[in-house]
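To start, the structure itself, in structure tokens.
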Amino acid sequence: MKSRSINFEPTNCQDATKSVSANSLDKRRQQLKQWLHECRLATLGLFKKVDDATFCRQAHPEFSPIGWHLGHIAYTESLWLLERGAGIPPLFPEYHRLFVADGLPKTERAKLPPQGEVRHYLEKVREQVLYCLETVDLNRHERLWRWLIQHESQHSETIAFVLQLQRRGQGSGVRGQGEQGRQGEQGEQGKQECNPKSKIQNPKSPRPSPLAPPLSEMLEVPAGYFEQGNDSIDALDNERPVHQVYLETYWIDRCPVTCGQYRAFIEAGGYQNPRWWSDAGWRWCQDQRITQPLYWLDDSRWDNHPVCGVSWYEAEAYARFVGKRLPTEAEWEKAASWDAASERRRTYPWGEVAPDTHKCNHNTIVGQTTPVTTYPAGQSGYGCYDLLGNVWEWTASVFQGYEGFMPYPYAGYSKVYFDGQHQVLKGGSWATHPWALRSSFRNWYHPGVRQILAGFRCASY
């Protein structure tokens, strides 16, 4: 249709376009403001019973005190959104060396300001951030704001498992599940449940599905192409670009390996038999004197929960013990995200609806692992359970960039870890915030790390 046949004044058209654009921007600002609030609420919820000693204690040489992570969240938000984004001078320049990632060595990060001062720092930065949100050009900078929410999500999860390490060190007997979730925060959470745009839902006690499939069942994934990666505004640099991958037919476990299944490996002397281990894995096992998963508790009540607190070496050894192997990252992601019927990629195993308490165990809402068949509504198109939440899952793949990788927001965010020394984990845990949960999300650690909330599932040809 030619424009001259439309009966209106050009100025009115421009005004209408501006109005629609303004409404859209306002909705995006409100969405970001809501997510910033929800994410912060979840982070601070982890500190409800934290005393000053716990706040400053280093639970493991490889991980900073939880108080440092709280300060680093504030520092990073200030650096990117206020100083670099809005040209505002540092609010607390005296904290730069303490909370910058490459400042003090981890062993010196226990010398922290009092918890109240760090919280004050966090609050003052957030006040300025919300002020800047009202005028920031989201068409240019929204990706950065979403990246910051995911950055806090990742550090919040680190806080959660470092707290587990502290409790374990104090002899509490926890096994990576946590003592409780955020059930006591229903007053705030309840206000959000009725909002369909909220990514945090009111907690409900999950129960295993009465029609659960056999835990040892494997599912066939037929040969063919699928799309790996993610090119949405939320995607981190290492998830991009989307690309096609061809895989031959393979089989993958319907569920993560459970404690009951892993017990067979322990009882058969798996930790004492080099037959099941790679050379590097066996050296690690002997040097570290490992005899069971870090968060292990020999109690049959946990038999249907995923094994938690295992290294990549342990996962690989178990897979050999049962005549299987670890899935590659591509195999895991195809089983999680590919809809073979429509030949389309899903953001989540179940589709495009954001994670909630009916789909997966996440966001410390339950506060511990759950039986692996608890969430039938969270199954993938191929029928796999528990691909998001509960425990991270080790894969056979080394972390590296996809062809066409472009670093964001700075060169060292992912690229420095493309060193052949890190293995990819997929899926998230019971402590992962919803903003860091999607099938394409990539986590990475050294193969000997077992302090994280990690398990695995197996695959075979």
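Structural remarks
- Nonlocal amide H pairs with residue 449, under 5 Å, H built at 1.01 Å: 312
- Region 344-390 has equivalent-ellipsoid semi-axes of 18, 12, 7 Å, by the square roots of 5 times the alpha carbon gyration tensor eigenvalues, sorted largest first.
- Per residue, the convex hull around the alpha carbon atoms of region 295-383 comes to 131 Å³.
- The heavy atoms of residue 352 present about 120 square angstrom of accessible area, all protein chains included, probe 1.4 Å.
- Surface calculation, 1.4 Å probe, protein heavy atoms: residue 88 sits at approximately 40 Å² accessible.
- Protein heavy-atom accessible surface, 1.4 Å probe, per residue over the chain: 45 Å².
- Mean Cβ count within 10 Å, highest first, over the residues of peptides 372-382, 245-255, 272-282: 372-382, 245-255, 272-282
- Residues whose amide H lies under 5 Å from that of residue 422, counting only those 5 or more places away or on a different chain, are 399; hydrogens are built 1.01 Å from N in the peptide plane.
- Helix-only mean residue ellipticity at 222 nm for the chain, each DSSP H run of n ≥ 4 adding -39500 (n - 2.57), per residue, nearest 500: -11000 deg cm²/dmol
- Anisotropy class of region 265-332 from Cα gyration tensor, a/c 1.5 cut: oblate
- Sorted largest first, the principal axis extents computed over the alpha-carbon atoms of region 331-461 equal 38, 36, 34 Å.
- Taking θ as phi - 60° and the Karplus parameters 6.51, -1.76 and 1.60, the scalar couplings of region 348-359 work out to 10, x, 8, x, 10, 6, 4, x, 9, 6, 8, 9 Hz in sequence order, x denoting glycine and proline.
- Measuring nothing but protein heavy atoms, the accessible surface of the chain at 1.4 Å probe radius is 50 percent carbon and sulfur.
- Histogram of C-alpha separations across the chain, 20 Å bin width, %: 23, 56, 18, 2, 0
- Packing rank of 319-325, 305-311, where each peptide gets the mean count of other beta carbons within 10 Å, highest leading: 305-311, 319-325
The values are calculated or read from the model by the stated rules, or taken from the named source; none is laboratory data. None of the values given here were measured: they were computed from a predicted structure. All Cβ positions, even for glycine, are placed from backbone atoms using ideal geometry, and neighbour counts span all protein chains on display. When the accessible area is computed, the model is the full protein with side chains, heavy atoms only, and any ligands, DNA or RNA have been set aside. Shrake-Rupley method; radii C 1.70, N 1.55, O 1.52, S 1.80 Å.
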